[in-house]
Amino acid sequence: METVRAILAEMQQNPGSTVCKAMEGLIEEGEEVASEEGNPDAKDVALIAAAQKIEHYEIASYGSLRTFAKMLGYDKVAGILQEILDEEYDADQLLDNLAMGVHNKTGLNREAMHS
């Protein structure tokens, strides 16, 4: 977020303090999952899913910004946004790996079937 603010400042643009309602909703969903009771492994999977929704939203946002920057001829900015996008893809892959580890725990699928 700080990198994006720096880019906008360099371009003499002020994003203000606009709040993204979609991101607020995704964060709220994750908080709800965190406060739920239940099987800890199932809860872990649900938390990972909530985190991945946030990553996917960020990937879509940074991907669009990068494309707009390229189209408008801001190649340096597009490069910086691509770096951010790569970091988001890496975070998503880490969450995938985490989910697979939790998913493969013995008993999780059987317990989910009986819930």
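The values are calculated or read from the model by the stated rules, or taken from the named source; none is laboratory data. It should be emphasised that the depicted structure is a prediction, and the values quoted were computed from it without experimental measurement. The area values use the complete protein model at the heavy-atom level, side chains included, leaving out ligands, DNA and RNA. Shrake-Rupley method; radii C 1.70, N 1.55, O 1.52, S 1.80 Å.
Observations
- For the chain: relative contact order, % (alpha-carbon pairs under 8 angstrom, 6 or more apart): 24 percent
- Karplus 3J(HN,Hα) series, Hz, for the stretch 76-87 with 6.51 cos²θ - 1.76 cosθ + 1.60 (x for Gly, Pro): 4, 4, 4, x, 5, 5, 5, 4, 4, 4, 4, 5
- From phi via Karplus (6.51, -1.76, 1.60), per-residue ³J(HN,Hα) for the stretch 34-46 in Hz, x at Gly/Pro: 4, 8, 6, 8, x, 4, x, 5, 5, 5, 4, 4, 5
- Here the chain has 56 percent of its accessible surface on carbon and sulfur atoms, given a 1.4 Å probe and all protein chains in place.
- Cα-based convex hull, the chain, per residue volume (Å³, whole number): 110 Å³
- Residue-by-residue Karplus 3J(HN,Hα) for the stretch 60-69, coefficients 6.51, -1.76, 1.60, Hz, glycine and proline x: 4, 5, 5, x, 5, 4, 4, 5, 4, 4
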